[in-house]
Amino acid sequence: MRPVYMISGGITKFAKALPQTDFRRMVKDAFDYALADLPSLSREEIDGSVCSYFSDHFTRQLMAGAMVQDYLGLNPKPSRRVEGGGATGGLCFQSAWEAVASGRMEVCLAMGFETMGRVNTWKGNEFIALASDTNFDYPVGGFYTGYYAMMVVRHMHEFGTTVEQMAKVSIKNHLNALYNPYAQRPGRLTIEQVRASQMVSEPLTLLDICQMSEGAAVAILASEEAAQRLGGNPVRVTGVGCGTDAMRMADRPQGKVILLPHESAEEYAGLRYPGVHSFRGGRMAAKLAYGMAGIRDPGEELDFVELHDAYTSSEIQTCEDLGLCRYGEGGRYVDSGAPFLPNLDYGLSFSGEKKWRPLPVNPSGGLLACGHPVGATGLMQAVFAFWQLQGTIGKHLNDATLQLPEPRRGLIHSHAGTGTYITVSILERV
């Protein structure tokens, strides 16, 4: 397969509702931003597209991708839609990567959106719950916050994870988002405020959970030849991986831990895996992406991570799946301060273990603070990773607070359901 580069990207403001616009205009706004950021790139250079949106129910439109393709002036070029629950945006990014890596296209547009604010919250939660098993889980009242509450209770039982550690994740991501004008819900919080917010499903409070959102994002990928011709400041996609698991957690068999290169079977002796405390598909996605990118120890070789933190608990779980810390150490990893930006004052003291290298997780604010317009979310992560690696955060956010010093390699991660589809992609500065 050919080398693939991200050459431009754009996002819109994420918000609870954007009644003044529709999904076509949202995508066009992000697309126009991406074109303006790389003046040598024109519509004529784009060979085709992949469009992602999670649910036909939110738009009440079965062919929204075709409508966006037309609105952007890309007809009659090839296009297709991808959908995979919460991982829809990540799958879209990897589908565009495949189109270029295979030689089918020289330049491919990955575009995603969601319009979730057109329905009441209870109806939106019903639509989202349709991504569970509608024969078994859904009819008995299954909904995702309930599933994640069950999983973190098990994580707490097995490993001693605390609600205070979860609250620190919320504090981190909401404070990071104060410096991100695209974010839906930035804020300065305390542990007491997170725990005192409305209880949704014990132990998850309202501030432990991301919000339904509207917004769009695009990422433009190109071959090496096209990237060189178009100039700018491209970033190489060096690794992609995807993992899956059974829809129903009760159907997931116990087995051996999927080991990353820096781990050994002995350190997980006696661990029930994956249980309901870990995402086996996430570990598989990470293993494949690391293998392709040549990463042996992610905690030492990555400079930042933008992961799918639909819940504070799932950020802790995912740090373990990605191998940033060992299984069972996610809560202590948060306590150590390793995933926090070193230049910000979060109002917290980090008295935990210092065995981990600083590695900012969700410097953008993540889903918790940016919002989660599902089809756009994974592409938003790609855009922020792209800007971070370019060193252009200050240019695009009008504030360089979130810019890391000389980052070389970043990871983006998308997650569906309770781990049914998961994608991991590695981006590196050229």
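Filtering the stretch 135-147 down to residues that are in contact with a Ser or Thr (Cβ under 6 Å, 6 or more places away or on another chain) and part of a helix (DSSP H, G or I), which residue is most open to solvent (accessible area, probe 1.4 Å)?
Within the stretch 135-147, the match that is most open to solvent (accessible area, probe 1.4 Å) is 138.
With respect to residue 183, determine if the residue is over 23 Å from residue 316 (Cα atoms), hydrophobic (A, V, I, L, M, F, W, C) and in contact with a Phe, Trp or Tyr (Cβ under 9 Å, 6 or more places away or on another chain). Steps first, answer last, please.
Working: over 23 Å from residue 316 (Cα atoms): no; hydrophobic (A, V, I, L, M, F, W, C): yes; in contact with a Phe, Trp or Tyr (Cβ under 9 Å, 6 or more places away or on another chain): yes.
No, not satisfied.
Take residue 423 and decide whether it is surrounded by fewer than 19 Cβ atoms within 10 Å (Cβ to Cβ) and either in contact with a strand residue (DSSP E or B) (Cβ under 9 Å, 6 or more places away or on another chain) or polar (S, T, N, Q) (or both). No, not satisfied.
So, residue 30, is that one out of contact with any Pro (no Cβ under 6 Å at 6 or more places or on another chain), in a helix (DSSP H, G or I) and more than 21 Å from residue 214 (Cα to Cα) or not?
On the way: out of contact with any Pro (no Cβ under 6 Å at 6 or more places or on another chain): yes; in a helix (DSSP H, G or I): yes; more than 21 Å from residue 214 (Cα to Cα): no.
So residue 30 fails the test.
Among the residues of the stretch 42-91, write down those that are among the hydrophobic types (A, V, I, L, M, F, W, C), in a helix (DSSP H, G or I) and either open to solvent by less than 10 Å² (accessible area, probe 1.4 Å) or farther than 25 Å from residue 223 by Cα (or both). Hits for the stretch 42-91 are 58, 64, 67, 68.
Scanning the stretch 17-56 for residues that are in contact with an Asp or Glu (Cβ under 9 Å, 6 or more places away or on another chain), at pLDDT 95 or above and of a type in the set (S, T, N, Q) yields a single hit, 52. The set of residues in the stretch 153-212 that are acidic (Asp, Glu), in contact (Cβ under 8 Å) with a residue 40 or more places away in the chain and assigned to a helix (DSSP H, G or I) comprises 158, 208. Being buried (at least 24 other Cβ atoms within 10 Å of the Cβ), at negative phi and either in a strand (DSSP E or B) or among the small types (Gly, Ala, Ser) (or both) is a description that does not apply to residue 250. Within the stretch 210-230, the set of residues being open to solvent by 20 Å² or more (accessible area, probe 1.4 Å), of a type in the set (A, V, I, L, M, F, W, C) and at pLDDT 95 or above comprises just one member, 210.
The values are calculated or read from the model by the stated rules, or taken from the named source; none is laboratory data. Fair warning: this is a prediction, and the values are worked out from it, not measured in the lab. Cβ: placed from backbone, ideal geometry, glycine included. Neighbour counts: every protein chain shown. With ligands, DNA and RNA removed, areas are computed over all heavy atoms of the protein, side chains included. Shrake-Rupley method; radii C 1.70, N 1.55, O 1.52, S 1.80 Å.
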